[in-house]
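Quick note: the coordinates plus some simple rules give every number you see, no bench work behind them. Quantities reported herein were computed from a predicted structural model and do not represent experimental measurements.
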């Protein structure tokens, strides 16, 4: 029973991290109909910003994470304005080839600037070690990730459901042509949404650096995980992305504990079953045409 609860806790913490890394892609893919594989490169960028802020600038961990969020968000605006927006009207294959090329470029650029080796991230002392919870030895940092995921999920849900900007985003998700006809500035909504999604990706990268490791191959290692979360949860569905992230996180941790020789096969089995059951994702839906 103790082992089961520990696996559940670790899986939920890992799933929370996957949620932070994936939610921006879920929203932007749902709203813009744009398959942006370079989203994981923004995660990597956030990780390296965190490393530089802490190691070179001597910033505290919290400020370094804020810098990762802001820096990745600003970079994503530049990327969207200078490159991606010119390809919105093209087909999915073009999106994949373009952004996959950007992933390769980001890997080469990071290897050139920061080198090919892993970059360590030292978390504050109050986030290291374990604590006793009714006989369970739980890691403080994983609890921090779990709380961060819950807080961000609540904040994003509130922002989408209860704010004017959230209403604008929902209108663009439902039907871009109707939203534009109602006077909404689609380009501005796209840019701001892309910035928030990119910022969250950077934040996820900063949070993941100490637990998952950070090196130039980071995008290749976690691209599949992010795409699985978005596919299983359903594009533009925040709750669906959260449920999928937690499910995949638990499945991945459990498979590595109970079936170490089988690798991550369980998450792919979960993905296949979920997509056969709900082809549009757990909480996805068909979107209106423009």
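Some observations on this one:
- Shape index of the range 95-141: Rg/Rh, with Rg the Cα radius of gyration and Rh the Kirkwood radius from the inverse mean 1/r over Cα pairs, equals 1.33.
- Mean sequence separation of contacting Cα pairs (under 8 Å, at least six apart), scaled by the length of the chain, corresponds to a relative contact order of 37 percent.
- Alpha-carbon centroid distance for the pair the range 27-59 / the range 232-283, whole angstrom: 23
- Cα long-axis angle, helix 238-258 against the chain (0 to 90 degrees, to the nearest 10): 30
- Between the helical axis of 164-174 and the longest alpha-carbon principal axis of the chain there is an angle of about 70 degrees.
- Applying the Kirkwood pairwise sum to the alpha-carbon positions of the range 162-268 produces a hydrodynamic radius of 16.2 angstrom.
- Between helix 140-162 and the chain: long-axis angle, C-alpha atoms, 0 to 90°, nearest 10: 20
- For the range 2-277, the convex hull spanned by the alpha carbon atoms encloses 141 Å³ per residue.
- Here the Gaussian network model covers the chain, with springs between Cα atoms less than 10 Å apart; of 73, 115, 166, 115 fluctuates the most.
- Prolate/oblate/rounded call for the range 40-196, Cα gyration tensor, a/c under 1.5 rounded: oblate
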